[in-house]
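I am attaching a structure below and will ask some questions about it afterwards.
The values are calculated or read from the model by the stated rules, or taken from the named source; none is laboratory data. None of the values given here were measured: they were computed from a predicted structure. Backbone-built Cβ (ideal geometry, glycine too); neighbour counts: all protein chains shown. Quick note on the areas: whole protein, heavy atoms, side chains included, nothing else; ligands and nucleic acids left out. Shrake-Rupley method; radii C 1.70, N 1.55, O 1.52, S 1.80 Å.
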Amino acid sequence: MSLPPPQPAPAEPVAKAHRSWRHDLVVGALIVVALEVAAVPVGLLWGHLAPHPLYSAGATSLNLVVGDAKPLVRDDGWFLLVTGAAGIVSAVVVFFTAKRAEIGATLGLAIGGLAAGWLAWRVGHAWTGGTQPLALALKPDNTKAKLAADLGARVVLVSWGVAAVAVHGLLYAVTWPAKPKVEPLPARESVDSAQRSPVAEG
């Protein structure tokens, strides 16, 4: 009496990879802090590049001496350019240094980028020369002074965060591993012909 062949031992269940949310949170917090530090020199750069328009104090308001709003538009343009470039650089650096924390890195870039944009505006407005609007308004009428760099459209404050998140997501989309191709099963006709071949009949 022959014994049945030995059955293979049942495979042990593979434990699912547990995502370390604490690691993601730590990475996100570090990115936020790093972006806030980087916002100081970025804000100083913007404040020096942006024009300081010449205003004169009036009885009830400040009047732009140039006569149009082009200096304010250039302030916004320079801010969009400088902070957008900072967002792109931030995304590239984070992508290559924090690959194991996709969610934490994205949240850190989003929150840190928005906060860094606001901080860069405040630093450039306050620390790069020019008279503050309130100080000029308190001076006698027809007093002329160059105002500190400022923004006409506050919407550009989000440029850092938007650029960082967009480029970070694009890098992941481009480098994401492709799904392995599934090999097609042999056609039914080829199987039947193989079974009807002389070799199979012999």
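Residues that are in a loop (DSSP other than H, G, I, E, B) and farther than 22 Å from Asp76 by Cβ: does the stretch 143-165 have at least one? Walk me through how you get there before you give the answer.
Taking the stretch 143-165 and keeping what is in a loop (DSSP other than H, G, I, E, B), we get 143, 148-153.
Next, from what is left, pick out any that are farther than 22 Å from Asp76 by Cβ: 143.
Among the residues of the stretch 143-165, at least one is in a loop (DSSP other than H, G, I, E, B) and farther than 22 Å from Asp76 by Cβ, which makes the answer yes.
How many of the residues in the stretch 141-165 are touching a helix residue (DSSP H, G or I) at 6+ places or on another chain (Cβ under 8 Å) and more than 11 Å from Leu114 (Cα to Cα)?
9
Next question. Filter the stretch 75-117 down to residues that are modelled with pLDDT of 90 or more and either among the aromatic types (Phe, Trp, Tyr) or assigned to a loop (DSSP other than H, G, I, E, B) (or both) and give me whichever is most open to solvent (accessible area, probe 1.4 Å).
Phe96
I need the full set of residues from the stretch 123-146 which are closer than 30 Å to Ile88 by Cα and either open to solvent by less than 90 Å² (accessible area, probe 1.4 Å) or at pLDDT below 90 (or both), in order please.
Val123, Gly124, His125, Ala126, Thr128, Gly129, Gly130
Can you find a residue in the stretch 125-139 that is in contact with a helix residue (DSSP H, G or I) (Cβ under 6 Å, 6 or more places away or on another chain) and either closer than 26 Å to Leu72 by Cβ or in a helix (DSSP H, G or I) (or both)?
yes
Another question about this same structure. Would the stretch 178-191 turn up any residue that is surrounded by 10 or more Cβ atoms within 10 Å (Cβ to Cβ), on the phi < 0 side of the Ramachandran plot and modelled with pLDDT under 65?
Looking through the stretch 178-191, at least one residue is surrounded by 10 or more Cβ atoms within 10 Å (Cβ to Cβ), on the phi < 0 side of the Ramachandran plot and modelled with pLDDT under 65.
Ok, one more. Being outside any helix (DSSP H, G or I) and touching a Phe, Trp or Tyr at 6+ places or on another chain (Cβ under 7 Å) is the filter here, so list the residues in the stretch 29-74 that pass it.
Residues satisfying the conditions are Ala50, Leu62, Asn63, Leu64, Val65.
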